[in-house]
Amino acid sequence: MKWIEVSVFFKTENKALAEDLIANAFSDAGIEGVAIEPTDETPADGWAKEVMPLPVLQNRVTGYVADNDLAGPTCLNLKRAVEILARDHGFEARFAHKRIDEEDWAESWKSFFWPEKIGSRIVVKPTWRDYSEAPGDIIIELDPGMAFGTGTHPTTRLCVQMLETFVNREDVFLDVGTGSGILMAAAYKLGASTVCGIDIDPVAVEISGENLARNRVPAHDSSVLVGDLIQEDRVRDVQERFDIISANILSEVILSLLDRVPAVLKPKGIFICSGIIEENAPAVLEKMESLGFTVLEVRHSEGWTAIAGRR
């Protein structure tokens, strides 16, 4: 099967805002599970002719589209959306795409992914890399499955650091928008007794299940659902009540999600949210406080914010 690798290279003074806007444009175009990576590469030969090289050490958002009749309109819609965003928000962006075979599709992104300590104890290690473990390290073996992220983005780092602070032994944990499953694996290795996840993308659910097994999280202590917790009927499907809920997703989604969180969070439970660009943090804080959450901690990194609050 052929695939199309779609990338937006961008240069901006407000990196977090551009990432958020571009990732949302991918989602609106129907391209889920994007990877956001720094790059020191300019587009290679064979890329679409409209590509213009950018200076080195820029950033890119990348996703993958099946090479079928819908690929052309999808790429065109995304390109137009990014051009509008770049114009309206004052950043430089270039759109690029190329066709790749399935074996290349599965391997092309791996060259960017190396073992990295993303918390005080937690190390993300790709399955195909070696790592010399230090005393006290908690290793998470990760094969994200192309396009579900490497776990080293600032928003994930912030979530992991908060999990290190707030997860207690025997906690019951839920991750909303679980992606590769990294936060579920981290919570379990930090002592949670049961970890659950929910994601709108069936492929993400499959990949997260594989990564949980890879990290020896027992099936009887974990589960992953396909769905959207923002929808009331999906809230009813979640029978468990949780000590900790995390959501590393877009801030506008968090604002909607907050209305549903109290239905599945235990009294005194903790909600951790990330994926919030700093300028949107006041709106999230205001919504949390209006729902009766006590804000416990606010962390910032590279233009992103994570918030932990107790119900």
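For this structure, a couple of remarks:
- Extension gain for the segment Asn24 to Lys11, taken as residue separation times 0.36 nm less the Cα-Cα distance, is 3.0 nm to one decimal.
- Near Gly191, once Lys and Arg are set to +1 and Asp and Glu to -1 for all other residues with Cβ below 15 Å from its Cβ, the sum equals -1.
- Sorting Trp114, Trp3, Trp128, Trp304 by accessible area puts them as Trp114, Trp128, Trp3, Trp304; the probe is 1.4 Å, largest comes first, and only protein heavy atoms count.
- Heavy-atom accessible area per residue - segment 208-311, 1.4 Å, Å²: 46
- Within straight-line cross-link reach of Lys266, lysines at Cα separation under 26 Å, skipping those fewer than 8 residues along the same chain: Lys189, Lys287
- Ranked by solvent-accessible area (1.4 Å probe, protein heavy atoms only, all chains present), the residues Asp137, Asp243 order from largest to smallest as Asp243, Asp137.
- Vicinal HN-Hα couplings computed from phi for segment 216-224 (Karplus, 6.51 cos²θ - 1.76 cosθ + 1.60; Hz; Gly/Pro x): 6, 8, x, 4, 6, 10, 8, 7, 9
- Placing Lys266, Lys11 in order of accessible area, with the largest value first and a 1.4 Å probe, yields Lys11, Lys266.
- Filter on Lys2/Lys79; Lys11/Lys117; Lys11/Lys98 - keep pairs with C-alpha separation over 24 Å: Lys11/Lys117
- Considering only Ile200, Ser222, Ile272, the residue lying farthest towards the positive end of the dipole of segment 165-292 is Ser222, judged by Cα position with unit charges set on Cβ.
- Under 5 Å between amide hydrogens, built in the peptide plane, is the criterion, and for Ile122 it picks out Ile138 among residues at least 5 positions away or on other chains.
The values are calculated or read from the model by the stated rules, or taken from the named source; none is laboratory data. Given the structure is predicted, the values throughout are model-derived calculations rather than measurements. Backbone-built Cβ (ideal geometry, glycine too); neighbour counts: all protein chains shown. Accessible surface is based on the protein model in full, side chains and every heavy atom, while ligands, DNA and RNA are left aside. Shrake-Rupley method; radii C 1.70, N 1.55, O 1.52, S 1.80 Å.
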